[in-house]
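This report refers to the structure that appears directly beneath it.
The values are calculated or read from the model by the stated rules, or taken from the named source; none is laboratory data. The structure presented is a predicted model; accordingly, all values stated were derived computationally and were not measured. Note that we place each Cβ from the backbone using ideal geometry, even for glycine, and neighbour counts take in every protein chain shown. The accessibility values were calculated without ligands, DNA or RNA, using every heavy atom of the protein model including side chains. Shrake-Rupley method; radii C 1.70, N 1.55, O 1.52, S 1.80 Å.
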Amino acid sequence: MTAWGGKAAEGAVEGGAYTVSQVNRYIKSMFAGDGTLSDIRVAGEISNFKRHHTGHMYFSVKDEGSVISCVMFRDRAETVAFLPENGHMVVVRGAVSVFERDGRYQIYCASMAAAGRGALDKAFEELKLRLSGEGLFDAGRKRRIPMLPESVGVVTSPTGSVLRDIVNVIDRRFPGMRVKVLPVAVQGVEAPKEVAKAIAQASRFGLCDVLIVARGGGSAEELWAFNAEEVARACAASVIPVISAVGHETDFTILDFVADVRAPTPSAAAELAVPEKGALKALVDDYRRRLADGLSNWLAIRRAALGRFSVEGAYRGLTDMIGKGRLRASLLGERLCAKAQESVRSKRAELEALLKAMGTFDVPKALDAGYAVVTDLDGRLVRTVGEVRAGGGFVLRMRDGSQRCRPDFGDAEGPGGRAD
């Protein structure tokens, strides 16, 4: 048996050879027995970063001369306060061990912290500059917080004092106000996705009239979820006004710039979201009193104006109006009668003139003068030759009698006749 490290390595195959698995397992046991490697802190720059769909994170940390692989399983990854990215300077803590299948050693990370603020500050400023250039911070796109919402939404951790403080302030200021809680993780790698999703759902389904996104104080790393681009874009796309209340008054996140209103604390956000019911009631009472006073003054002025007109005065005015109407009607009637009488006189004169003209024609005198009157056989007056042609006969009345005649036109071109 060959000895490794002063001990006999068991399991050697014939001829003194060992299997690959045995070697890797032995090396792994050596790492595990090393007090330094079993709990070590390593500083370096993140590279080759990948987040698996299971939530595990795979990456490397490097310096100017070397690279070491790292893995951070989901339960540990969820405790990271910021969003790791390639280029971030970090300090990872964990155990160095061997992945037996590949024979590769790596750090199994239990925690991760930013190595100074340099990398995080750079990432913050770069994202801030880019979103500002897109207009997401413009004052013109900010929405007004409703004066009296029907319900208030709160995106925050379901545990801790932040939610309790917000609910207490709202209940004190406006008892009975509906508060809808959208529980999310407020730090860790899953926090940005959960916060963005909660904001989007509240907007999509109209869950409330105003939305508070809140978290208590903490380090820059612990507040980093609210610097995520996906959270900023969800806030910008929301149709519901958003109040940002992350950290303390001196803390600033990207969400603060995108939100419609920034509150210095979660409690202050609750005060901005709802009015004080007592003060609102006092304001309404003041408006009601002022309206009543204004109406009373208006009625008094109108009543005084009406009082200037007595009942007798109003009756006298009505009597005058009726008298004027009667006078006008009388005048119109007289004019109408005068016109009618004038018209009758004119027609009567015309009729008398016609009758007079008819009376001047004396038939006997005309017969004595040699004229004759022509009638048809029935005694009707004949005036034209055509009537003689159509009648077949006619009668001539003369001074001493009448003579029945028969027309005979012969071959003459003009009308003519011959008496029998």
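With all protein chains present and a 1.4 Å probe, how do Tyr287, Tyr371, Tyr26, Tyr58 order by accessible area, largest first? Intermediate values should be presented prior to the final figure.
On the way: Tyr287 125, Tyr371 150, Tyr26 70, Tyr58 90 Å².
Output order, biggest surface exposure first: Tyr371, Tyr287, Tyr58, Tyr26.
Could you state the accessible area per residue of the chain in Å², with a 1.4 Å probe and every protein chain left in place?
Details: 26590 Å² over 420 residues.
Each residue of the chain exposes 63 Å² on average to a 1.4 Å probe.
Take the alpha carbon atoms of the range 57-202, find their radius of gyration, then divide it by 2.2 N^0.38 Å using N residues; give the quotient.
1.43
What is the mean projected area of the alpha carbon convex hull for the range 141-182, to one decimal in square nanometres? Walk me through the intermediate numbers first.
Working: hull surface 14.3 nm².
Convex hull of Cα atoms, orientation-averaged projection: 3.6 nm².
Which entries in Lys180/Lys277; Lys28/Lys50; Lys142/Lys277; Lys180/Lys281 show an alpha-carbon gap greater than 21 Å? Can you show the working numbers first?
Details: Lys180/Lys277 19 Å; Lys28/Lys50 25 Å; Lys142/Lys277 26 Å; Lys180/Lys281 24 Å.
The pairs that break the limit, which is 21 Å between Cα atoms, are Lys28/Lys50; Lys142/Lys277; Lys180/Lys281.
Cα-based Rg of the chain per 2.2 N^0.38 Å, rounded to two decimals?
Numbers: Rg = 59.6 Å, N = 420, 2.2 N^0.38 = 21.8 Å.
Dividing the Cα Rg of the chain by 2.2 N^0.38 Å gives 2.73.
Roughly speaking, to the nearest percent, how much of the range 105-151's 1.4 Å accessible area is carbon and sulfur? Don't skip to the end; give the middle numbers.
Working: 1540 of 2810 Å².
Carbon-and-sulfur percentage of accessible area, whole number: 55.
Taking 8 Å as the Cα distance limit and 6 or more residues as the minimum spacing, I'd like the relative contact order of the chain as a percentage. The partial results should precede the final answer.
On the way: 637 pairs, mean separation 39.5, N = 420.
Relative contact order of the chain: 9 percent.
Nearest 0.05, what FRET efficiency do Tyr108 and Arg178 give at R0 = 56 Å with Cβ-Cβ as r? Let's see the in-between values first.
On the way: r = 47 Å, r/R0 = 0.84.
Working from the Cβ atoms, E equals 0.75.
Would you list His52, His248, His88 from the most to the least accessible area, probe 1.4 Å? Let's see the in-between values first.
Values: His52 80, His248 110, His88 10 Å².
Putting His52, His248, His88 in descending order of accessible area: His248, His52, His88.
Using a Gaussian network model on the chain with a 10 Å cutoff between Cα atoms, which of Leu120, Leu396, Leu351 fluctuates the most?
Fluctuation is largest for Leu396.
State the volume of the convex hull built on the alpha-carbon positions of the range 22-86, expressed per residue in Å³ and rounded to an integer. Walk me through the numbers on the way to the answer.
Details: hull volume 8.6 nm³, N = 65.
Roughly 132 Å³ of hull volume per residue.
Can you pull the one-decimal nm distance between simple spin-label points at Glu85 and Gln403, each 7 Å off the Cα toward Cβ?
About 14.4 nm separates the two model spin labels.
Which aspartates and glutamates have a Cα lying under 15 Å from the Cα of Lys122, excluding residues fewer than 8 positions away in the same chain?
Cross-link targets: Glu45, Glu85, Glu221, Glu229.
When the chain is modelled as a GNM with alpha-carbon springs shorter than 10 Å, which of Glu276, Glu352, Glu229 fluctuates the most?
Result: Glu352 has the largest fluctuation of those listed.
How large a share of the accessible area of the range 170-269, in percent, is made up of carbon and sulfur atoms when the probe is 1.4 Å and the other protein chains stay in place?
In the range 170-269, the share of accessible area belonging to carbon and sulfur is 53 percent.
So how much accessible area does Thr250 have, in Å² to the nearest 10, using a 1.4 Å probe?
The accessible area of Thr250 comes to roughly 120 Å².
Using a Gaussian network model of the chain whose springs link C-alpha atoms within less than 10 Å, name the residue from Gly65, Gly401, Gly176 with the highest mean-square fluctuation.
Largest GNM mean-square fluctuation: Gly401.
Might you work out the accessible area of Trp298 for me, using a 1.4 Å probe with all protein chains in place, and round it to the nearest 10 Å²?
Using a 1.4 Å probe on the heavy atoms, I get roughly 120 Å².
Between Arg74 and Phe257, what is the label-point separation in nm under the 7 Å Cα-to-beta-carbon projection?
3.4 nm
For Arg345 and Ala366, calculate 0.36 nm times their separation in residues minus their Cα-Cα distance, and state this gained length in nm to one decimal. Let's see the in-between values first.
Working: separation 21, 0.36 × 21 = 7.56 nm, distance 3.39 nm.
Full-extension gain reported as 4.2 nm.
Any idea how far the Cα center of the range 192-240 sits from the one of the range 28-58, in Å?
Here the answer is 31 Å between Cα centres.
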